[in-house]
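Student: Before I ask anything, let me first share the structure, which is written out below as structure tokens.
Just so it is clear, none of the values below were taken in a lab; they were calculated from the coordinates. Nothing here was measured: the structure is a model prediction, and the numbers come from that model. In this analysis, Cβ positions are derived from the backbone assuming ideal geometry, glycine residues included, and neighbour counts consider all displayed protein chains.
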Amino acid sequence: MNESPVDLRSDTVTRPTKAMLAAMAAADVGDDVYGDDPTVNRLQARMAEMAGMEAALFMPSGTQSNLVALMTHCARGDEYLVGQTAHTYKYEGGGAAVLGSIQPQPIENAPDGSIPLDKLRAAVKPHDSHFARTRLIALENTMHGQVIPQRYVEEASAFARGAGLAMHLDGARVFNAVVASGSSLAAICSPFDTVSVCLSKGLGTPVGSVLCGPRDFIEQGHRWRKMLGGGLRQAGILAAAGLHALDHHVERLADDHANAARLAEGLRGIDGLAVRGPFTNMVFVDLPAARVDGFARSLRDAGIVASVGPTTRFVTHLDVDRAGIERLIDVVQGHFMRTAA
Ligand SMILES: *Cc1c(COP(=O)(O)O)cnc(C)c1O
């Protein structure tokens, strides 16, 4: 096989472009633990402004960014309401409970990724010594690639205000929602107190997330970040990648969405395969468990890298072009033609 592999496991597998590496190499740096790194400071100021928030904090990862947010919103014995399949609950090692002494209250998500308001309402605990103190609602956008309807977010936010709860957005892929909806980041973030944005997903940096929120919140979060081991020194090298991505890799997310749409179109109608999506840069395919191994083998033999299971998620990104998508479609069509009957 002489074609290079096409890796659709996640939009985290991107390599920095030559231009991004050049921006990183040219970064003006200082010791960020002293607050001395001009490039980190520039990235933080820019992200805060874009999100319509007072302040921002550069973070090594989205997981740490969410954890710092949860630990700043909630104290020991407090509770946050979160989707059953949300990243902060399901995919972050239980950090809020383990390291934050925060009780998660997971709630079944609706198919569109929202958490129904009646379920949120029912989950808020009374002020009574039997219960954890409910403090926060955490949403995710995009949620498994889906853009959360903004009208729902506004309603959830109004409910939260009325109940005295804060609102956090896990916006690991919020720029996909920005591009897909044509809204601004500030508009999408406005119902929230805080938002965590990943630079290392579709934006294509090697490392980094940014937590945005009110100034006093970010000051408190700064202490948690240090305690969690997230105080970095000449981090401007990484922040420069983030600034480069904000300049060059936001609008191009539309290409990833178009590639996901082409992929969904090419796979739909194949007998034996159920296609869900496109959802921004993701397409999901379901197939019977007995057919998983054969499907995985066909993809592997053709140089397609994917996490194959009864549900397989294909994620488009900077390092997958249209030719790679067409190759994947051909491989899947060929596989099902060979294995039909
Ligand atoms: C990737 C991701 C995170 C965490 O980011 P890491 O940088 O991998 O720690 C958080 N939330 C969502 C929705 C994600 O997809």
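Student: For segment 125-185, what ratio Rg/Rh do Cα atoms give with a Kirkwood hydrodynamic radius?
Tutor: Value, to two decimals: 1.09.
Student: Between residue 15 and residue 54, how many nm apart are label points set 7 Å from Cα along the C-beta direction?
Tutor: Computed distance between label sites residue 15 and residue 54 equals 4.4 nm.
Student: Hey, another quick one. Just how large is the dipole of segment 16-75 about the Cα centre, in debye to the nearest 20, putting +1 at every Lys and Arg Cβ and -1 at every Asp and Glu Cβ?
Tutor: In debye, rounded to 20, segment 16-75 gives about 280.
Student: Another question, then. Calculate the all-directions average of the projected area of the chain's alpha-carbon convex hull, and give it in nm².
Tutor: Working: hull surface 72.9 nm².
Seen from a random direction, the Cα hull of the chain projects 18.2 nm² on average.
Student: Quick one: net charge around residue 164, please, counting Lys, Arg +1 and Asp, Glu -1 for every other residue with C-beta under 11 Å from its C-beta.
Tutor: In short, +3.
Student: Kindly write out, for segment 300-314 in residue order, the coupling ³J(HN,Hα) from the Karplus curve 6.51 cos²θ - 1.76 cosθ + 1.60 (θ = phi - 60°), rounded to whole Hz, with x marking Gly and Pro.
Tutor: Calculated HN-Hα couplings, in order: 4, 4, 8, x, 9, 9, 8, 8, 7, x, x, 10, 10, 9, 9 Hz.
Student: Could you compute how fast segment 255-335 diffuses translationally, taking Rh as the Kirkwood radius over C-alpha pairs and applying Stokes-Einstein at 37 °C with viscosity 0.692 mPa s? Give it in µm² per second.
Tutor: 264 µm²/s
Student: Of all the Cα-Cα pairs you can form in segment 125-262, what percent are over 23 Å apart?
Tutor: 43 percent
Student: Now for a different question. Find the centroid of the Cα atoms in segment 198-254 and in segment 5-42, then give the distance between the two in whole Å.
Tutor: Distance between centres, Cα-based: 9 Å.
Student: Among DSSP bridges having both ends in the chain, what percentage is antiparallel? Round to the nearest 5. Write out the running numbers ahead of the final one.
Tutor: On the way: 19 of 40 bridges.
Of all bridge pairs located within the chain, approximately 50 percent are antiparallel.
Student: Given segment 22-81 reduced to its alpha-carbon atoms as identical point scatterers, what log10 I(q)/I(0) does the Debye formula return at q = 0.16, 0.21, 0.22 Å⁻¹?
Tutor: For the requested q values the scattering log ratios are -0.66, -0.96, -1.01.
Student: Then there's this: Under 5 Å between amide hydrogens, which residues at least 5 positions from residue 7 or on another chain qualify, with H placed 1.01 Å from N in the peptide plane?
Tutor: Residues meeting the amide H criterion: 305.
Student: Would you please state the base-10 log of I(q)/I(0) at q = 0.14, 0.22 1/Å for segment 178-254, with intensities from the Debye formula using one equal scatterer on every alpha carbon?
Tutor: -0.55, -1.17
Student: Let me ask something else. Just flag the GluC sites (Glu not before Pro) in segment 63-161 sitting in loop per DSSP whose Cβ has no more than 10 other Cβ atoms within 10 Å.
Tutor: Taking segment 63-161 and a limit of 10 other Cβ atoms within 10 Å, the loop GluC sites (Glu not before Pro) found are 108.
Student: Another question, if that's okay. Out of every Cα pair in segment 75-136, what percent are spaced more than 12 Å from each other?
Tutor: 67 percent
Student: Please report the Cα spread of segment 1-118 along all three principal axes, rounded to whole Å, starting with the longest.
Tutor: Largest first, segment 1-118 extends 51, 50, 28 Å along its Cα principal axes.
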